[in-house]
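The structure appears right after this line, and notes come after that.
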Amino acid sequence: MRFPLPLDDVLQAYRTVAARSPDGVVLGGASAGACLAAATTLRALDDGSSPPAGAVFAYGFFHPVHPRHHDARRRSRRHRRITHAPWALDVMNRNYVGRGGGLSDRFAFPGGHDVGGFPRALFINAEHDNMAASGDLFAAELGAAGVDVAHHVLPGTRHAFLNRPALTEFSTATAMIASWIRGTAGPADR
């Protein structure tokens, strides 16, 4: 099964930008976009495209079945306690892949699959977010595969804080991303 159509769009956009960027491209996303960015990175590695110079993931989810936080202090609170309940996220994942066993497709959910050759990666997770369990696990999987991983959990944050530019955590995260990107090796340095 070739999965999914949104991935084709992201891969095409990545290839177009990469063709015009001799210093390389850092590919990233937040939430579902982080999963698409990780899958796009895997597709670029598989099809021989020039891989990204780095990857940035903010509060993403990467696994077909969401891992559960054992520490109750890390779980979502308020309305996201319901909308981001692990069972609801699992239903969302099944809806995303549709019928036909897409949950096991590494291009639908890269977590738990071979990530060899993956570029350097930055993870920024929210402290109180059920999805962070998947981001924490994917960061550990990349690290175990020998990938240079920087992994941060911003204290007091909830999912989607990058949607709110007035928040201090928005400024903290964007400054962290900019600093990390400046330190990312270009294609000639890999």
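Given the conditions (1) at pLDDT 90 or above; (2) assigned to a helix (DSSP H, G or I), report the number of the one that residue 28 does not fulfil.
(2)
Right, residue 123: at pLDDT 95 or above, in a helix (DSSP H, G or I) and of a type in the set (Phe, Trp, Tyr) or not?
No: the conditions fail for residue 123.
Could you list, in sequence order, all residues of the range 40-52 that are part of a helix (DSSP H, G or I), touching a Pro at 6+ places or on another chain (Cβ under 6 Å) and surrounded by 24 or more Cβ atoms within 10 Å (Cβ to Cβ)?
41
Only one of these is closer than 23 Å to residue 168 by Cβ and modelled with pLDDT under 70: 78, 99, 94, 68. Name it.
The conditions single out 78.
For the range 142-163, give me each residue that is over 23 Å from residue 42 (Cα atoms), surrounded by 12 or more Cβ atoms within 10 Å (Cβ to Cβ) and modelled with pLDDT of 90 or more.
Listed by number, the residues that qualify are 153, 154, 161, 162.
Please give the number of the condition residue 17 fails out of (1) surrounded by fewer than 20 Cβ atoms within 10 Å (Cβ to Cβ); (2) outside any helix (DSSP H, G or I).
Every listed condition holds for residue 17 apart from (2).
Which one of 118, 109, 170, 138 is surrounded by 21 or more Cβ atoms within 10 Å (Cβ to Cβ), of a type in the set (A, V, I, L, M, F, W, C) and not in a loop (DSSP other than H, G, I, E, B)?
Result of the check over 118, 109, 170, 138: 138.
The values are calculated or read from the model by the stated rules, or taken from the named source; none is laboratory data. Quantities reported herein were computed from a predicted structural model and do not represent experimental measurements. Here the Cβ is made from the backbone with ideal geometry for all residues, glycine too, and neighbour counts use every protein chain on show.
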